[in-house]
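A short reminder: the numbers here are calculations on the coordinates, not readings from a lab. Because the structure is a prediction, the values reported are computed rather than measured. Neighbour counts are summed over all protein chains in view; Cβ atoms, including those assigned to glycine, are modelled from backbone coordinates with ideal geometry.
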Amino acid sequence: MSRLLPESIKIGLFPGGCWMKRGRSAPIVEKLEAGQSDGTALLTAFAALLAQLPKPGLGKTRLHVLVSDSLAAITMLPWQEELADEGELRAYAQACFERSGFVMDDSWTMQVGFRHFRAAGMAYALPLLWLEKLQSMCEAAGLRLETALPVSAAAYWRQPPVRSTGCSVVLLEEASRLTALIHEGGRLMARDVQPLMGDVHAAGLRLLKRVSAGHGALDAVQWWPAVAQEQPADWVRPCLPDVRVTPLLADVWS
């Protein structure tokens, strides 16, 4: 790669552990103690990661940040034929949030879109004040913030679809939750979240049983860990003994 091209740095902010990835180097990890899971704790870990960088060249270094779903508001958008413009699309997303019991106000910044024609879309939002603080920290460090995405949104937009006519799942494992993005024929159909209150094996089994009950037997699973590890966690394969499980790198979407 030409040295004239700006460097891209990937950072993940998640309860339990935050990480930074530069080029082909191993990730630098900042561990978080139990209970350190709110936005303030994640920004503190973000500052600690930035402090380990050499002084970058005046805004030339690009930063891509992946954020825990626990910090975001996310809703699925069933396909609608009659949405004519951006205003109607955002109003529809507001209605979908309200239907799920969440009121989207000016304290949030929202993004909305459909990846595939006549398939479900996704709306996501991050706290505006938190995002402004993140941006200010990047500017103070001489970095240019290119993207900041909740992990479900990153997986929705950036993960290549599995070639399957049946049901496949992208399984997101965080310290506080498991999330299944459920696809049929390579297109997103639903999203299901299972909080982690204790035994991850029991929680994973409950989640996958719900997915199978609602969508049929799984053909393939792609497993993603919030903190880098090479093989699926111990609970994954016993829950899916007859299904191909493909591990994904923690920084694959950032």
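Go through 101-107, 164-170, 11-17 and give me the packing order, highest mean Cβ count within 10 Å leading. If you can, show how the numbers build up before the last one.
Values: 101-107: 10.6, 164-170: 19.4, 11-17: 24.0.
So the order, starting with the most tightly packed, is 11-17, 164-170, 101-107.
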Please report, in debye to the nearest 20, how large the charge dipole of the chain is about its Cα centre when each Lys and Arg carries +1 at its beta carbon and each Asp and Glu carries -1 there. 860
More than 19 angstrom separation, counting every C-alpha pair in the stretch 117-182; what % is that? 50
Rounded to the nearest Å, what's the spacing between the alpha carbon centres of the stretch 38-78 and the stretch 88-127? Just the number, please. 22
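Within the stretch 83-136, list the trypsin sites (Lys or Arg not before Pro) lying in a DSSP loop whose Cβ has at most 10 other Cβ atoms in a 10 Å radius.
Numbers: sites: Arg90, Arg99, Arg115, Arg118, Lys133; in loops: Arg115, Arg118.
When the trypsin sites (Lys or Arg not before Pro) of the stretch 83-136 are filtered for loop state and at most 10 Cβ neighbours within 10 Å, Arg118 remain.
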Could you tell me which trypsin sites (Lys or Arg not before Pro) in the stretch 158-233 are loop residues by DSSP with no more than 12 other beta carbons within 10 angstrom of their beta carbon? Arg163
Relative contact order in percent for the chain (Cα pairs under 8 Å, 6+ apart) equals 18
Among Val211, Leu171, Gln194, whose Cα projects farthest towards the positive end of the dipole of the stretch 156-247, with charges put on the beta-carbon of Lys, Arg (+1) and Asp, Glu (-1)? Val211
On the Cα set of the stretch 156-247, report Rg and Dmax in Å, please. 12.1, 35
List the aspartates and glutamates whose Cα sits under 14 Å from the Cα of Lys21, skipping any in the same chain fewer than 8 residues away. Glu7, Glu30, Asp251
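Just the C-alpha atoms of the chain: what Rg/Rh do they give, with Rh taken as the Kirkwood radius? Mind showing how you got there, number by number?
Working: Rg = 18.5 Å, Rh = 19.2 Å.
We get a ratio of 0.96 for the chain.
Could you list Glu184, Glu82, Glu88 in order of exposure, starting from the residue whose Cβ has the fewest other Cβ atoms within 10 Å? Intermediate results must be reported in sequence, preceding the final value.
Working: Glu184 17, Glu82 6, Glu88 12.
In increasing order of surrounding Cβ atoms, one gets Glu82, Glu88, Glu184.
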Once the mean 1/r over all distinct Cα pairs of the stretch 70-123 is inverted, what Kirkwood radius in angstroms do you read off? 11.5
